[in-house]
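**Student:** A single structure is presented below for examination.
Taken together, the values in this text are just the output of simple stated rules run on the coordinates, not laboratory data. These figures come from a predicted structure and were not determined experimentally. Cβ: placed from backbone, ideal geometry, glycine included. Neighbour counts: every protein chain shown.
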Amino acid sequence: MLNWAARYYPIVRILRAHDLFENGSVLEIGSGPTGLGRFRKVPFVGCDIAFPSEPLWPMTPLVASAAQLPLEDKQFDVVLASDVLEHVPPDLRTTVIAEALRVARKLVIFGFPCGKLAWESDRALLQTYLAADRTPPPWLTEHMEAQFPEAHIFAKVEGWEVQQQGNESIAFHSWLMRREMSGIFIRASTIGMRIVPSLLETLLRKVDTAPFYRQIFVLHKLGNNENGVGQDRLS
């Protein structure tokens, strides 16, 4: 689906820029049964509290809470979470971020719908489902349970360089979500992703305009990555 492409293409570009697309160990938090494996055919670990279907290669599944990862410090080169943090209760969000920082050696990537305008666009989408007498997807109803995270959630991160980039305009996201209520559109866009992925990526980059639905935060470890010099915590 194009929604997946809009979320993961920027992550793929970030991994390439850091020479970690084909190399390096990756943990994806909240991966579901597919996650990054739809776009990167290199073994990685996908963590979730449950898997609704059999996880697919190249993922190795790990059933665990993102707030208490059963992993060693600095175990993975990269830890990423795409459209996960908004599903975490607000009082646990900084804990999830701290856990990601703890188990990462080099890079942490968080992408999530951010701010009031994005939340209101999803509330309008929910009303579209209800007006059409259709059952909304579980992720959408969960989005209504709490306000979306704001950018300042990373303001107190120490020991990491934080970079932020907008992803997917609110107008395009709203249009796309309504189109994906159609099975025909989903099948057609899935075929397009398979046949002309480079063209779709180019087109999707053109809709990365403000006001943004999603923000992507890239945290790069400062100091000596291998030896863990420097702090890596939320104060």
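**Student:** Here is a list: ALA17, ALA6. Which entry is among the aliphatic types (A, V, I, L, M) and touching a residue at least 40 places away in the same chain (Cβ under 8 Å)?
**Tutor:** On the way: ALA17 fails: touching a residue at least 40 places away in the same chain (Cβ under 8 Å).
Unique residue meeting the criteria: ALA6.
**Student:** Whether any residue in the stretch 64-81 is over 18 Å from LYS221 (Cα atoms) and in contact (Cβ under 8 Å) with a residue 60 or more places away in the chain is what I want to check.
**Tutor:** no
**Student:** Suppose we filter the stretch 144-188 for residues that are aromatic (Phe, Trp, Tyr) and in contact with a His (Cβ under 8 Å, 6 or more places away or on another chain); how many remain?
**Tutor:** At the first step, the residues of the stretch 144-188 found to be aromatic (Phe, Trp, Tyr) are 148, 154, 160, 172, 175, 185.
Those left that are additionally in contact with a His (Cβ under 8 Å, 6 or more places away or on another chain): 160.
Total satisfying the criteria: 1.
**Student:** Output the residues belonging to the stretch 64-88 that are aliphatic (A, V, I, L, M), surrounded by fewer than 23 Cβ atoms within 10 Å (Cβ to Cβ) and closer than 17 Å to GLY115 by Cβ.
**Tutor:** VAL84, VAL88
**Student:** Right, here's the next one. Quickly run through the stretch 177-206 and pick out the residues that are among the aliphatic types (A, V, I, L, M), in contact (Cβ under 8 Å) with a residue 60 or more places away in the chain and more than 20 Å from PRO138 (Cβ to Cβ).
**Tutor:** MET193, LEU200, LEU204
**Student:** Looking at MET177 and the list (1) closer than 21 Å to ILE49 by Cβ; (2) under 17 Å from the mean Cα position of the chain (by Cα), which single condition is not satisfied?
**Tutor:** Going through the list (1) closer than 21 Å to ILE49 by Cβ; (2) under 17 Å from the mean Cα position of the chain (by Cα), MET177 breaks only (1).
**Student:** Which number in (1) over 16 Å from VAL162 (Cα atoms); (2) part of a helix (DSSP H, G or I) marks the one condition that PHE51 misses?
**Tutor:** Of everything listed in (1) over 16 Å from VAL162 (Cα atoms); (2) part of a helix (DSSP H, G or I), PHE51 misses just condition (2).
**Student:** Let me ask something else. Under the condition of being of a type in the set (Asp, Glu) and in contact (Cβ under 8 Å) with a residue 60 or more places away in the chain, which residue from the stretch 144-176 is surrounded by the most Cβ atoms within 10 Å (Cβ to Cβ)? Outline the logic, then answer.
**Tutor:** From the stretch 144-176, those of a type in the set (Asp, Glu) are 145, 150, 158, 161, 168; that's our starting set.
Of the ones still in play, those that are also in contact (Cβ under 8 Å) with a residue 60 or more places away in the chain are 158, 161, 168.
Working: GLU158: 12, GLU161: 10, GLU168: 25.
Across the stretch 144-176, the extreme among qualifying residues is GLU168.
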